[in-house]
Amino acid sequence: MEEDRRPLAQLFAAVAEERDGIATEPPVDIEVWAAKWWLEGALVAVADGAIVGSIDVQVSRFGFGEIGMAVAREWRGRGVGSALLAAAIEWSRERGLHKLSLSVFPHNDAGIALYRKFGFVDEGRRVKHYRRASGELWDALEMGLLL
């Protein structure tokens with residue numbers, strides 16, 4: 001929904017501030033991100049009227065979806081990621097997608113465990129793929145789920 005743009009961008013910025021879970025690092029211009037946020041395929045988790053997690057499915061013209069997810073730190077380990085991932089899988093199946101794919105940092109043990117719990121498998125590794133603000137080069141683990 002249109003009114004979700006700013007809260008989605010704020011959640012994204014908060015997760016980016018941690019500098020270890022998603023590719024984007026601060027500074028995140030919340031207004032710019034809110035304006036360009038693609039709402040089609042964006043699913044949210046809400047608690048006490050606030051967005052505490054989001055997952056988006058970017059649908060390709062080739063029949064697969066690329067997912068990205070963010071959960072507020074204080075809501076991790078409480079089932080939010082599982083609920084979001086289950087909803088994204090259902091949403092994708094309803095639209096006839098044949099596969100979901102994602103990239104995750106190899107040190108993100110909780111994320112990798114979550115994805116494996118839902119049947120995602122390792123499909124490859126992009127070596128030194130992301131240049132971080134610190135100058136470090138981080139690998140990315142590629143995972144996929146056939147629907």
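What follows draws every value from the coordinates through simple rules; no lab data is involved. Computed from a prediction, not measured in an experiment: that's the story for all the values here. Cβ sites come from the backbone with ideal geometry, for glycine too, and all protein chains shown count toward neighbours.
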Scanning region 11-24 residue by residue, the ones that are in contact with a strand residue (DSSP E or B) (Cβ under 8 Å, 6 or more places away or on another chain) and either of a type outside the set (A, V, I, L, M, F, W, C) or closer than 15 Å to residue 39 by Cβ (or both) total 3
Tally time: how many residues in region 60-114 are within 13 Å of the chain's Cα centre (by Cα) and hydroxyl-bearing (Ser, Thr, Tyr)?
3
Contacts under 9 angstrom Cβ, first residue in region 18-35 being in a loop (DSSP other than H, G, I, E, B), partner among the hydroxyl-bearing types (Ser, Thr, Tyr) and surrounded by 13 or more Cβ atoms within 10 Å (Cβ to Cβ), 6 or more apart:
23/103; 23/130
Can you tell me which residue among 85, 147, 97 is of a type in the set (A, V, I, L, M, F, W, C), surrounded by 12 or more Cβ atoms within 10 Å (Cβ to Cβ) and touching a Gly at 6+ places or on another chain (Cβ under 7 Å)?
97
Residue among 57, 28, 44 that alone is farther than 25 Å from residue 146 by Cβ, surrounded by 13 or more Cβ atoms within 10 Å (Cβ to Cβ) and touching a strand residue (DSSP E or B) at 6+ places or on another chain (Cβ under 7 Å)
44
Qualifying position, being free of Cβ contacts under 8 Å to residues at least 60 places away in the same chain and outside any loop (DSSP other than H, G, I, E, B), among 111, 77, 119, 65:
65
Condition set surrounded by 13 or more Cβ atoms within 10 Å (Cβ to Cβ) and small (Gly, Ala, Ser), scope region 64-78, selection farthest from residue 14 (Cα to Cα): answer is 65
Would you check if there is a residue in region 77-84 being within 26 Å of residue 19 (Cβ to Cβ) and touching a helix residue (DSSP H, G or I) at 6+ places or on another chain (Cβ under 6 Å)?
yes
Which ones in region 87-108 are assigned to a strand (DSSP E or B), in contact (Cβ under 8 Å) with a residue 40 or more places away in the chain and not basic (Lys, Arg)?
100, 101, 102, 103
